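A short worksheet on the structure shown next.
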Amino acid sequence: MKTIKALAAIAIVLPTLAFAQANTPRVDQRQANQEQRIDQGVASGSLTQREANRMERGQQHVDNMENRAKSDGVVTRQERARLHQAQDVQSKRIYRQKHDRQHDYNHNGRVDRPRHR
């Protein structure tokens, strides 16, 4: 009787442990933050639509990497490191694009360039 209860408890606990190993809350939160940075850049005009589309494709690439890492139920230390490195690259790209001299302040789809005096 004790072995049946023990096996039942193990059968309940193992799937939750496997699911816990596949959770990536830091990666998910960072993805959300970077999406928000892109949206804010479009709203403020510091990102053109073309730049924003490129940044969105980069975020999709990181999301695809995360899905592949989770596909076997466990995200290993190396997979997490690759995800964090890919997010670092994307973060730097977002920063560079938001701080370059291409703007779309009037949101007409054309790049606004600062006037040189």
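Under 5 Å between amide hydrogens, built in the peptide plane, is the criterion, and for Asp112 it picks out His103, Asp104, Tyr105 among residues at least 5 positions away or on other chains.
If you stretched the chain out fully between Arg101 and Ala81, how much longer would it get, using 0.36 nm times the residue separation minus the C-alpha to C-alpha distance?
On the way: separation 20, 0.36 × 20 = 7.20 nm, distance 3.24 nm.
Length gained between Arg101 and Ala81: 4.0 nm.
Surface composition of segment 61-117: carbon plus sulfur atoms contribute 45% of the solvent-accessible area (1.4 Å probe, protein chains only, all chains present).
The values are calculated or read from the model by the stated rules, or taken from the named source; none is laboratory data. Worth saying up front: this structure is predicted, and the values here are computed from it rather than measured. Just the protein is used for accessible areas: all its heavy atoms, side chains included, with ligands, DNA and RNA removed. Shrake-Rupley method; radii C 1.70, N 1.55, O 1.52, S 1.80 Å.
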